[in-house]
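Taking it in order: structure first as structure tokens, then the write-up.
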Amino acid sequence: MTAKANETGATAGVHAPPAAASGSPEGTPVSLRNLTRAFGATKALDGMSLDIAPGELVALLGPSGCGKTTALRIVAGFEYADSGEVLVNGKDVSGVPAARRDMGMVFQSYSLFPNMNALDNVGFGLRMRKTAAAQRRRKAAELLDMVGLSAQAGQYPHQLSGGQQQRVALARALAIEPHVLLLDEPLSALDAKVRLQLREQIRTLQQRLGTTTIFVTHDQEEALSMADRVGVMRDGRLEQVADPSELYSRPATAFVAEFVGTMNRLPGELAGPGTVTVLGVSCAVIGNGGAGSPAIEDGLTSGPVDVLVRPEGLTVAAAEGGNGIVSGRTFLGAITRVAVLLSGDTEVRVDLASAAALAIPPGTSVQVGLPPTPVLVARRQQ
Amino acid sequence: MATLTPAAAGQVISPDNSKKRRGPQDRPAIWRWVILLIAGVYFVVPLYAALRFAGLSGFKDVFTTPGFGSSLWLSIRLAAVTWIVSMLLMIPTTVYVHLRMPGLRRLLEGVTILPIVIPPVVLIIGVLQVMPLALRASVWLLALEYVILAMPFAYRALDAGLRAIDVKTLTEAAGSLGAGWLSTMWRVILPNMRTAVTAATILIVALVLGEFTMASLDLKQTFPVWIVLFDQENAQISVAASIFALFVTWVFLMLITVIATRQSRRTGGGEVTLFTVAPQQTIGN
């Protein structure tokens with residue numbers, strides 16, 4: 001299902017949804033077709049295409065300036081695309097104003113109306129739809145209850161914490177029963193603990209309601225933990241759209257491999273199209289027909305390459321006259337990430353059980369190894 | 001046996017430790033009071049002199065003096081019309097510039113400062129030269145001129161108010177919920193600009209109630225013009241009228257400020273000031 005698209009920028013691949021999305025069948029399908037948008041000489045979107053299944057939560061992940069927010073704003077109707085289409089339920093909504101698109105949006109900055117209390121904020125969209133006052137209040141109260149803020153119904157935004165404000169904003173966006181829920185980095189202004197609670201709450205609600213959702217974030221942990229599929233963006237293009245585990249274990253490009261999670265680059269020698277020698281071990285290459293996924297980079301047949309290995313893919317043990325020296329340790333709870341300086345000034349990070357890591361303090365001579373499992377290779381970085 | 005002095009116990013006692021030493025940080029506070037006192041004297045002495053000069057009889061007669069009521073009423077009407085026209089022009093303009101043309105904000109600041117740079121006498125003579133006779137005869141021409149005169153103050157007050165709220169996000173949030181341009185303005189933007197609008201109102205009213213040059217050259221007998229003219233007949237009553245006008249204006253402005261601040265605080269806004277508006281508060285994560 002994962003497509004490797006737009007690698008040349010000349011053609012736009014459509015990232016299709018899975019055959020059966022995890023969301024409710026009542027949700028609305030959304031398709032972005034060949035969206036382009038330029039701001040002066042800068043191409044914010046460069047032929048972006050994406051199909052989202054009804055009820056699916058797709059996260060757009062990427063570094064600042066990759067075009068993810070522009071894509072979201074085009075879907076919302078706050079920006080226009082220079083070319084391309086946004087299809088909601090099969091209909092092109094490109095010419096429909098934002099106010100008539102029936103899309104609920106939660107913004108990065110707290111966007112509650114300061115002159116209204118929480119209940120009136122949630123009821124605002126219903127008021128615009130001329131819902132009777134009693135019904136509006138009842139529904140707004142229900143939604144506040146759903147996000148756990150019934151007791152705060154009468155409070156004004158300045159009396160609410162940041163997390164509470166974003167929950168009210170979520171309730172407000174859902175109150176209009178939107179075709180699509182758009183989340184523009186809604187958690188980035190919150191502290192770590194509140195962020196964790198709120199992301200679980202958003203995911204639970206989204207799955208319960210089956211609302212098709214696009215979630216923009218630069219935080220990979222958020223994207224991987226919440227989304228049915230994650231689209232990694234770079235320079236206005238989708239590099240890869242896949243479910244989180246596939247994105248992590250079978251990245252389609254070197255950029256995705258290194259952007260998602262932590263990745264080591266080790267110097268290796270490509271002996272042929274399918275075999276690479278790294279750390280003295282001969283491994284099969286993922287891709288090139290070796291393990292079923294597309295080639296991570298075209299044109300690599302032989303010669304020096306970089307081998308991409310995750311910290312948990314390497315082994316490390318104390319050894320006199322080993323191939324590296326421990327240069328640092330980062331305690332991460334159950335595991336400790338050990339930094340090892342290999343000969344040739346290559347630094348790698350290796351994950352170890354924290355108890356085992358105690359035995360190799362900085363300065364210890366160690367042997368870093370690699371089990372003979374298939375690995376990703378990329379062009380040698382200068 | 002020697003008594004154990006604090007010094008012997010390891011404490012260092014400075015000779016004047018018991019006295020509160022005046023540090024450099026205290027000096028500005030003293031100067032503040034000195035400046036406040038000088039400013040107070042500067043304002044109060046003329047007022048006191050005017051009160052002494054007018055005497056009780058001046059205040060008794062002022063309300064029955066011909067021209068007092070009509071000129072005051074004209075000034076109030078002019079203030080009202082000036083306020084309405086200013087708000088109708090300036091609110092949509094400032095909101096539009098903030099939302100769609102933020103790059104033009106600096107230019108607009110420059111343009112709106114022009115009425116301060118160009119003397120009112122130049123403005124009014126220019127206007128009287130080009131205006132058709134029918135409009136020159138109307139008192140409402142003055143209101144239009146006052147709109148220009150009030151523009152620097154109105155624009156700055158409204159601009160400060162808009163800077164204090166995230167107008168772009170609020171507008172987009174309202175839009176995504178189905179609100180059109182008018183609903184967004186009426187239900188979201190304007191209520192959150194209340195403080196700024198109040199500040200602009202204060203400035204406009206104060207300006208119109210005290211403006212003399214334009215009204216005089218336009219041959220309209222507004223309250224300030226009446227005070228100056230009547231001064232030649234009875235200086236005591238004229239001074240009493242001035243003090244009365246000052247008092248009424250002051251009460252009016254205080255009333256606006258107190259009411260607006262109370263409303264603003266209810267929704268987390270700041271105190272009403274003229275060129276700055278405190279941003280919305282939040283209580284953290």
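Quick notes on this structure:
- Checking every one of the trypsin sites (Lys or Arg not before Pro) in the stretch A:100-160 against DSSP loop status and a limit of 15 other Cβ atoms within 10 Å picks out A:ARG129, A:LYS130.
- Within the stretch B:131-175, trypsin sites (Lys or Arg not before Pro) in DSSP loop having at most 15 other beta-carbon neighbours inside 10 Å: none
- Other residues whose C-beta falls under 13 angstrom from the C-beta of A:LEU144 contribute a net charge of +3, scoring Lys and Arg +1 and Asp and Glu -1.
- Relative contact order [Cα under 8 Å, 6+ residues apart], chain A, whole percent: 16 percent
- Cβ-placed point charges (K, R +1; D, E -1), dipole of the stretch B:129-205 about Cα centre in debye, nearest 20: 60 debye
- Diffusion coefficient, µm² s⁻¹, Stokes-Einstein with Kirkwood Rh over alpha-carbon pairs of the stretch A:52-153 at 10 °C and 1.306 mPa s: 99 µm²/s
- Quarter of the Cα convex hull surface for the stretch B:59-172, i.e. its orientation-mean projected area (nm²): 10.2 nm²
- Of all the options A:LEU205, A:LEU238, A:LEU170, the one that moves most in a Gaussian network model of chain A with Cα springs shorter than 10 angstrom is A:LEU205.
- Computed label-point distance, nm, for sites A:ARG129 and B:ILE125 using a 7 Å Cα→Cβ extension: 6.4 nm
- Mean ellipticity per residue at 222 nm, deg cm²/dmol - from DSSP H runs of n ≥ 4 across chain A, formula -39500 (n - 2.57): -7000 deg cm²/dmol
- Remark: the B:VAL258-B:LEU89 segment gains 58.3 nm on full extension, using 0.36 nm per residue and subtracting the alpha carbon distance.
- Relative contact order for the stretch B:60-266, counting Cα pairs under 8 Å that sit 6 or more residues apart, in percent: 30 percent
- For residues of A:114-121, the mean tally of beta carbons on other chains within 10 Å: 5
- Here the simple spin-label model places points 7 Å from the Cα toward Cβ, and for B:LEU190 and B:THR213 these points are separated by 3.4 nm.
- Pairwise centroid distance, computed over Cα atoms, of the stretch B:76-105 with the stretch A:44-87, Å: 36 Å
- Cα-based Rg of the protein assembly as shown normalised by 2.2 N^0.38 Å, two decimals: 1.36
- Where the Cα pairs of the stretch B:60-266 fall when distances are cut into 5 Å bins, in %: 1, 7, 14, 16, 16, 15, 12, 9, 6, 3, 2, 1, 0, 0
- Computed extension gain for A:THR315 through A:THR204, at 0.36 nm per residue and net of the alpha carbon distance, reaches 36.2 nm.
Every number in this text was worked out from the coordinates using simple rules, so none of it is lab data. Quick caveat, the model's predicted, so the values are computed rather than measured. Neighbour counts are summed over all protein chains in view; Cβ atoms, including those assigned to glycine, are modelled from backbone coordinates with ideal geometry.
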